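These notes are about the structure you will find just below.
Throughout, read-outs are computed from the coordinates displayed, never taken from laboratory work. Please read these numbers as outputs of a predicted model, since none were measured by experiment. A quick note on method: Cβ atoms are made from the backbone with ideal geometry, for glycine too, and the neighbour counts reach across all protein chains shown.
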Ligand code: MG
């Protein structure tokens, strides 16, 4: 059994000074809607438009910080979803923050993380310090992988990968499910023997599929992500001991405690650290440190975030233990016109880590106004 340190024992929380350091006077909540550049199909359904929630926290001097809650339109990826997150933010989390009281809300990590990141951003902007520096993430660029949704034909997959490779992408990840796995992966591997290749099943298999999953070892995968349902930590541990492909956890990695349990149960090969799903920067850093201490690889995944959420996630992706390429991509892979200045790929398909104060980016006011469908202002009473 792997030696796993206690959660919370590794380093101080970035947000340890709250609420003394940041006293929010006003919280603006923006519900925004914009079309996705390309619908994303996974084993759990299709996302065709990007709904998100942006959180702006301002202090009495008018300095403001931003966070994003990228919960999906429907509760198909985790139990959290856009409408529910909006209600929790407007009725629970924001009023609690303005009353300087710890919120008794359980769950809702994306909503909680959005508010926490906005407060952290405000705090760091006041101190003139970047988020990456605050968490000791020193890389200035991160390698990326491009995630391909379920496709309708092998030719479609090969054409798409050819375009990505032609544009400099060195790693891709295919969404797979039972019946759409070995063939597309083999087609990509036979065409590009040296390409970094991974597969994400979004929990669509069971241990009854063991032989099918074993066959994936021949493809030469960096990892097989989330083969089994989210709550099956024991199943993942057993599977990881029986197949020659590293098993990565995504939906199962819900908290530092869950990750510590998974690492203790069996030879997990990698962990997908999604700052939104984990509840913000602090739990993400905690998971990173746990994974590093256990000698396991990590990477940062995305939730189709707009520029606000992407900026914060990029700082986490620059942590030293995130040795696998991040799923985070350039803005135009998701939306034609992001709310922030667009993130673009550099040579070698890398993304730059923002180095300005806080998360290092701001919404463009005109674009924010265009995509906002609800705006709620709450102030300290
Ligand atoms: Mg995944």
Next item on the list: Among 297, 127, 41, determine the one that fluctuates most according to a GNM of the chain built with springs between C-alpha atoms less than 10 Å apart.
Entry: 127
Checklist line | For the chain, calculated [θ]222 nm from helices alone, where every DSSP H run of n ≥ 4 adds -39500 (n - 2.57) | finding: -8500 deg cm²/dmol
Checklist line | Helix axis angle, 256-265 relative to the chain longest principal axis, alpha carbon, degrees | finding: 20 degrees
Checklist line | Relative contact order (%) - the stretch 124-185, alpha-carbon pairs under 8 angstrom, separation at least six | finding: 36 percent
Item checked: Most fluctuating residue given options 349, 264, 199, as computed from a GNM of the chain linking Cα atoms under 10 Å -> 264
Next item on the list: For helix 307-317, report the angle its Cα long axis makes with the longest principal axis of the Cα atoms of the chain; keep it between 0 and 90° and round to the nearest 10°.
Entry: 60 degrees
Check: Extension gain residue 189-residue 37, at 0.36 nm per residue separation less the Cα-Cα distance, in nm?
Finding: 52.1 nm
Check: Over the chain, what number does the Rg to Rh ratio reach, with both radii from the alpha-carbon atoms and Rh per Kirkwood?
Finding: 0.96
Check: Cα axis of helix 154-166 to longest principal axis of the chain: angle in degrees, 0 to 90, nearest 10?
Finding: 60 degrees
Check: In whole percent, what relative contact order does the chain give with Cα contacts below 8 Å and a gap of six or more residues?
Finding: 24 percent
Note to self: As a test, work out the antiparallel percent of DSSP beta bridges whose residues both lie in the chain, rounded to the nearest 5.
What the structure shows: 60 percent
Check: Does the stretch 134-352 come out rounded, prolate or oblate, given a ≥ b ≥ c as the square roots of the eigenvalues of its C-alpha gyration tensor, rounded meaning a/c under 1.5 and, failing that, prolate meaning a/b above b/c?
Finding: oblate
Next item on the list: Among 60, 42, rank each residue by its count of other Cβ atoms within 10 Å, from fewest to most, as a rough exposure measure.
Entry: 60, 42
Next item on the list: Could you tell me the distance between the Cα centroids of the stretch 195-240 and the stretch 321-381, to the nearest Å?
Entry: 31 Å
Item checked: the stretch 49-117: C-alpha gyration tensor shape, a/c 1.5 cut-off, then a/b vs b/c -> oblate
Check: Can you give the % of DSSP beta bridges in the stretch 134-352 that are antiparallel, to the nearest 5?
Finding: 20 percent
Notebook entry, point to check: For the stretch 118-165 and the stretch 254-286, what is the separation of their Cα centres, given in Å?
Noted result: 18 Å
Check: Relative to a virtual label point 7 Å from the Cα of residue 381 in the Cα→beta-carbon direction, which members of the stretch 63-106 show backbone nitrogen distances below 12 Å?
Finding: 95-96, 98-99
Check: Expressed as a fraction of 2.2 N^0.38 Å, the rule-of-thumb size for a compact globular protein of N residues, what is the C-alpha radius of gyration of the stretch 91-138?
Finding: 1.32
Check: Using r as the Cβ-Cβ distance of residue 152 and residue 261, and R0 as 35 Å, what FRET efficiency do you calculate, to the nearest 0.05?
Finding: 0.35
Notebook entry, point to check: Going by how many other Cβ atoms sit within 10 Å of their own, how do 140, 254, 76, 90 line up, fewest first?
Noted result: 140, 76, 90, 254
Margin query: Full-extension gain between residue 217 and residue 60, please, as 0.36 nm times their residue separation minus the C-alpha to C-alpha distance.
Written below: 50.8 nm
Check: Which whole-number percent is the relative contact order of the stretch 80-187 (Cα, under 8 Å, 6+ apart)?
Finding: 20 percent
Checklist line | Estimated FRET transfer efficiency (residue 242, residue 336; beta-carbon r; R0 51 Å; 0.05) | finding: 0.70
Check: In 10 Å bins starting at 0, how do the alpha-carbon pair distances of the stretch 19-61 split up by percent?
Finding: 23, 30, 21, 19, 6
Margin query: Within a 10 angstrom radius of the beta carbon, how do 343, 299 rank from fewest other beta carbons to most?
Written below: 343, 299
